[in-house]
Amino acid sequence: KFFKWLWRATYLSAIGGLIYVGYGIFEMRHPPDQVEPDPSKKTLVILGTGWGSVSLLKKLDTENYNVVVISPRNYFLFTPLLPSCTTGTIEHRSIMEPVRNFLRHKKTAVKFYEAEATKIDYQKKVVYINDESEIKGTVTSTEVPFDMLVVGVGAENATFGIPGVREHALFLKEVNDAQAIRKRIMDCCETATFKNQDPEEVKRLLHMVVVGGGPTGVEFAGELQDFFNNDLKKWIPDIKDNFHVTLVEALPNVLPMFSKQLIDYTEKTFKEETITIRTKTMVKNVTDKYIEAESVGPDGKKQLEKIPYGLLVWATGNAVRPVVKDLMSQIPAQKDSRRGLAVNEYLVVKGTENIWAVGDCAVANYAPTAQVASQEGAFLARLFNQMAKTEALESKLKELSEAQEKAPNQQARDEVFANIKELQRQLRRVKQIGPFQYSHQGSLAYIGSEKAVADISWLTGNFATGGTLTYFFWRSAYLSMCFSTRNRILVIMDWVKAKLFGRDVSRE
Ligand code: FAD
Ligand code: NAI
């Protein structure tokens, strides 16, 4: 009898789940008509369509402002799964969500311009924008005035001015970076198997070097080794003796933000996977065929060596974008800030009143992560929604005070006074928004061979774990964090596809 009930409950919940997903898809495909923005309202310009800006847009009541979004990217990118796109475990479109899709669902219409902000004039309250796309109209640059501005342009790749990096290395920040890496891996493999290829050249071409032992470098190295173990080795057996992944890190260990136990676990796992980790090795110069690195030996002596490579992926963290640097140079209060726009506890750019910054371009004493950026964006949405409510209540209060003065008798005055009291009570409640407080949920990273590491913030403290179970946790956590149901379904399908048929080894 118990199993009969259990079967019925499972059956009903599966039907309920299907109806829920079906309704979600129907709703997504049939957005209601939108209200046109009210030109008398303030213009709120949001730069970027990354974690910070999109999380703000998701929760913002757009009827309160004239919202304008400017970004060279007309989609949101779920960066935590980007390393999986470099090997085709996940197809890049599965982790992209077009901004048009979610903007179309806002109650009041939002303007979107696919363009790059080239300059922000703080005094004139204007953003200058350029159309950087391949297809150009007659107008390619213009200006957008703002009353309020949110800067969420993220960061660019740090190269520390090391010669040759920009020319020869590949990065891992955007979709086109992942595509370029995927193509280069296959190019190296196919060229290495060219008839009569020189053995030294084969070794060089199949040496995959990753610089930077932060989470980006570690996750990519793990994904690449998986690709080799599960697919490349089978389909191109000729490369199996020479294909090798090396991770180069300047510090004494990789993943410095993780706990010691997980660092050791990652290094041990990499050893088993035959990924070489070169710690205390700082890259100083890059040419088209080798990197020059200075390493510190066990005797403390420094030595310079040449490391040949076929693929070089550079993942050494973030640098400030030029548009942000330029804005900082216009504001005296920013003169001591180096890593981005210094903000106060309400994310207002220090030295300004009407500019806010979120995510990797803001310096608020938190790590530059998606977790921080999305919480900052959500905070700003609440702040702006409250500010609009406050303004509406204040103007109503003003009207009531005038009405009270003009009231013909005491009874009418008392009635208005009661309304004023009620509004003042509401206003006090609305104004109660505290400063931004970041809540750290933990750090997660995939390390290859179906293993992951996690430093999770628990009620009583931190909880560190690594292994295959953590890998399933990593998968379910990132799946639940994907932007939309569409993304979730596509990612699951990609995982199943890679498991059943293997990853695609075509070069394009
Ligand atoms: P971004 O998400 O980078 O968005 C910036 C936006 O601004 C983009 O839309 C860009 O096109 C736009 N833009 C750029 N220049 C201009 C301009 N001049 N004008 C207008 N718009 C502009 N963090 C985690 O917490 N967990 C993870 O697992 C994780 N994995 C990652 C994996 C990889 C491979 C990478 C690269 C990063 C990862 N991160 C992760 C870090 C995380 O992606 C960033 O911290 C996060 O993207 C920062 O959000 P953001 O909104 O500041 O910037
Ligand atoms: P990072 O800043 O975390 O790490 C870069 C590493 O490169 C550092 O360890 C540094 O010592 C090393 N390095 C710098 N110059 C070097 C040189 N010349 N030679 C050799 N090594 C050198 O950068 P990463 O991994 O790109 O991450 C950027 C941000 O995104 C971080 O805040 C990170 O936490 C976040 N992120 C988080 C992920 C996750 O939580 N799973 C995944 C990817 C990124």
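Overview of values
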read-out	value
Candidate set: segment 442-465, residues that are in a loop (DSSP other than H, G, I, E, B) and of a type in the set (A, V, I, L, M, F, W, C); chosen: the one surrounded by the most Cβ atoms within 10 Å (Cβ to Cβ)	Trp458
Residue check for Lys107: surrounded by fewer than 18 Cβ atoms within 10 Å (Cβ to Cβ) and under 25 Å from Asp326 (Cβ atoms)	no
Lone unmet requirement of (1) within 27 Å of Gly88 (Cβ to Cβ); (2) buried (at least 21 other Cβ atoms within 10 Å of the Cβ); (3) in contact with a strand residue (DSSP E or B) (Cβ under 8 Å, 6 or more places away or on another chain); (4) touching a residue at least 60 places away in the same chain (Cβ under 8 Å) for Leu232	(3)
Single residue of segment 494-508 satisfying the filter (under 12 Å from Thr89 (Cβ atoms) and in contact (Cβ under 8 Å) with a residue 40 or more places away in the chain) that is farthest from the chain's Cα centre (by Cα)	Gly502
Filter result for the condition that a residue is more than 12 Å from ligand 1 (Cβ to nearest atom) and either acidic (Asp, Glu) or out of contact with any Ser or Thr (no Cβ under 6 Å at 6 or more places or on another chain) (or both), over Leu341, Leu383	Leu383
Wholly within segment 1-119, helices (runs of 4 or more DSSP H) carrying at least 2 residues that are at pLDDT 90 or above and farther than 30 Å from Ala362 by Cα	2-29
Hey, Asn176 surrounded by fewer than 21 Cβ atoms within 10 Å (Cβ to Cβ), away from ligand 1 (no atom under 13 Å from the Cβ) and part of a helix (DSSP H, G or I) or not	no
The one condition in (1) outside any helix (DSSP H, G or I); (2) more than 23 Å from the chain's Cα centre (by Cα); (3) surrounded by fewer than 21 Cβ atoms within 10 Å (Cβ to Cβ); (4) touching a residue at least 12 places away in the same chain (Cβ under 8 Å) that Gln303 fails to fulfil	(4)
Condition broken by Thr191, with the remaining ones in (1) within 16 Å of ligand 1 (Cβ to nearest atom); (2) among the hydroxyl-bearing types (Ser, Thr, Tyr); (3) part of a helix (DSSP H, G or I) satisfied	(1)
Residue in segment 308-334 that is farthest from ligand 1 (Cβ to nearest atom), counting only those that are more than 24 Å from Gly52 (Cβ to Cβ) and surrounded by fewer than 19 Cβ atoms within 10 Å (Cβ to Cβ)	Pro308
Any hit, segment 151-165, residues being within 25 Å of the chain's Cα centre (by Cα) and away from ligand 2 (no atom under 16 Å from the Cβ)	yes
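The values are calculated or read from the model by the stated rules, or taken from the named source; none is laboratory data. Computed from a predicted structure; not experimentally measured. Note that each Cβ is placed from the backbone with ideal geometry, even for glycine, and that neighbours are counted across all protein chains shown.
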